[in-house]
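What follows is a short report on a single structure.
Bear in mind that the values in this text are calculations on the coordinates, not laboratory data. Bear in mind that the values here come from a model prediction, so they are computed numbers and not experimental data. Cβ: placed from backbone, ideal geometry, glycine included. Neighbour counts: every protein chain shown.
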Amino acid sequence: MAFVKPRVKTRSRNPGEVLRYLFGPGDDGEHHGHRLVAAWAGSAVGGLADLQPVRRPDGGFSVLRLATLLDQPVVAGVRPPYRPVWHCGLHLHPADPVLSDGQWGQIATAFVDAIELAPAGDAAAVRWVAVRHGDDHIHIVATLVRQDGRSVWLRRDYLRCQAITRRLERDLRLHQTEASVLAREAGP
């Protein structure tokens with residue numbers, strides 16, 4: 001099993017736009033089985049069930065509550081980034097087995113910890129969620145203002161995401177991608 005390179009998307013201004021896309025049909029109807037598999041520490045008393053977008057009578061999802069919760073630190077923050085919504089997709093190779101929601105949740109939590117969006121034990125870290133709508137990937141959406149009001153200014157996030165996916169491949173004993181093997185052969 002191997003992660004295909006992480007896909008860091010262009011930052012957005014509104015978490016609702018990103019969530020509407022992720023909980024919508026997708027560009028070609030490829031989104032199905034929409035659900036959250038992980039979220040920020042202390043996100044809800046009832047866990048992920050309290051955060052799940054509600055299915056509307058037309059079959060779509062209402063993401064307003066979740067978008068509002070993600071956006072609260074941004075609204076309360078001092079001089080937040082112009083585009084405070086960060087979004088990254090993590091995809092497995094097509095030949096890899098299907099991971100459980102729990103496994104994806106652990107991967108997402110390790111990922112946001114490693115790129116320093118939500119370090120383990122930091123109760124004031126940014127708010128984030130991991131959305132799954134297929135068997136082979138998740139999307140991590142985070143707002144770049146911590147719950148204590150300070151902005152997070154990610155630098156070199158694409159390179160950091162690549163590094164953590166390579167580390168996760170090693171730590172989880174996943175099949176390493178060609179980029180991982182080449183990096184290991186080049187040096188320490």
* **For the stretch 37-127, projected area of the alpha-carbon convex hull averaged over all directions, nm²** => 8.0 nm²
* Structure fact -> Residues PHE61, PHE23 in order from fewest to most other beta-carbon atoms within 10 Å are PHE61, PHE23
* Structure fact -> Computed on Cα atoms, the radius of gyration and Dmax of the chain in angstrom are 16.4, 56
* Based on DSSP H runs of at least 4 residues, each adding -39500 (n - 2.57), what is the mean residue ellipticity at 222 nm of the chain after dividing by all its residues, to the nearest 500 deg cm²/dmol? -> -10000 deg cm²/dmol
* Calculate how large, on average over all directions, the projected area of the Cα convex hull of the stretch 125-169 is; give the answer in nm² to one decimal. => 3.9 nm²
* Taking only C-alpha pairs under 8 Å that are 6+ residues apart, what is the relative contact order of the stretch 3-186 in percent? -> 31 percent
* Structure fact -> Assertion target for GLU17, GLU169, GLU30, ordered by fewest C-beta neighbours within 10 angstrom first, is GLU30, GLU17, GLU169
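Based on the Cβ-Cβ distance of ARG65 and ASP113, what FRET efficiency does E = 1/(1 + (r/R0)^6) give at R0 = 35 Å, to the nearest 0.05?
Numbers: r = 26 Å, r/R0 = 0.73.
Once rounded, the FRET efficiency stands at 0.85.
Using a 10 Å cut-off around each Cβ, can you sort THR143, THR109 from fewest to most neighbouring Cβ atoms?
Values: THR143 30, THR109 20.
Fewest-to-most ranking of THR143, THR109: THR109, THR143.
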